[in-house]
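Below is one structure; the comments refer to it alone.
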Amino acid sequence: MKVNIGGNMKRVLVGAAMIMAGSVTAQAQDFKPYAGVGIGAFGLEMKDTSINFKQKNTVLGGFAKFGVDVNDYFGAELRVGTTAKGDKTYGVGGVAAGSPAGTIGQKADYFVSYLAKLQYPVSQDFRLYAMLGATTAKSKITMTPALGTGSSKTKTGFSYGAGGDFTVNDQLSVGAEWMQYWTNVTVTTNGKVKIWGAVGTLTMHF
């Protein structure tokens, strides 16, 4: 008696391969890339602990973002941005006891953020998200000659924030977010800088 199992095995293998291919395709379809921009207010805060000096400026800034939603609850994002310069002028003794009059300016020449995104779909058209990661930024501080030479440092700090997205259609969403890019990152011996942003966002989904 001859039992032909070759044909059955082939059919089983072909069926298994089709199931695996379907599973991979379904997983690939879960990955949804996107790109967009964010524009709004950025806070630049510097302090020198040696002289108890602080300066805060709120300036215009923005970024371009590129990311992927792995599924409805998790994603990853890269963003690159910059801010305008903020200045403040001080009278004699305004910076420290006995200091001359002058102007101090600060800006983020550029920043690059690498972020994980935890998100929750509140409804079909609206979702909330939280961001965790790090930001590498170039902090530039300028001073009038009488106050010193200023500084320019590139550092990396912990970043976190939250926001929301409203879906306009399958390709477009708008939203708003707040992000703390730096928290007391040391840029000089006694100098620390904070950077935060509160922006509106526009995102294209592919």
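The values are calculated or read from the model by the stated rules, or taken from the named source; none is laboratory data. No experiment lies behind these values; they were computed from the predicted model shown. Every residue, glycine among them, receives a Cβ derived from its backbone with ideal geometry; neighbour counts consider all protein chains shown. Protein only, heavy atoms only, side chains kept; ligands, DNA and RNA dropped before computing areas. Shrake-Rupley method; radii C 1.70, N 1.55, O 1.52, S 1.80 Å.
Near Gly67, once Lys and Arg are set to +1 and Asp and Glu to -1 for all other residues with Cβ below 15 Å from its Cβ, the sum equals -1. Against the chain, whose longest principal axis is taken from its Cα atoms, helix 6-30 shows a tilt of about 20°. Between Ala116 and Phe74, the contour length at 0.36 nm per residue exceeds the Cα-Cα span by 14.4 nm.
All other residues whose Cβ lies under 13 angstrom from that of Gly102 are scored, Lys and Arg at +1 and Asp and Glu at -1, for a net of 0.
Among residues other than Lys54 whose Cβ falls under 12 Å from its Cβ, what is the net charge (Lys/Arg +1, Asp/Glu -1)? My count for the surroundings of Lys54 gives +3. Treating r as the C-beta distance of Lys85 and Leu172 and R0 as 25 Å, the FRET efficiency rounds to 0.20.
Here the Kirkwood formula, the inverse mean of 1/r across different C-alpha pairs, assigns the chain a hydrodynamic radius of 20.0 Å.
Extending 7 Å from Cα along the Cβ direction at Thr103 and again at Thr156 yields two label points whose distance is 3.5 nm.
Efficiency by 1/(1 + (r/R0)^6): what FRET value for Ala96 and Thr183, r their Cβ-Cβ distance, R0 = 30 Å, to the nearest 0.05? Taking R0 as 30 Å, the efficiency between Ala96 and Thr183 is 0.80.
Solvent exposure of the chain amounts to 56 Å² per residue of accessible area, where only protein heavy atoms count and the probe is 1.4 Å.
Shown for the range 53-103: the carbon plus sulfur share of the solvent-accessible area, taken with all protein chains present and a 1.4 angstrom probe, equals 62%.
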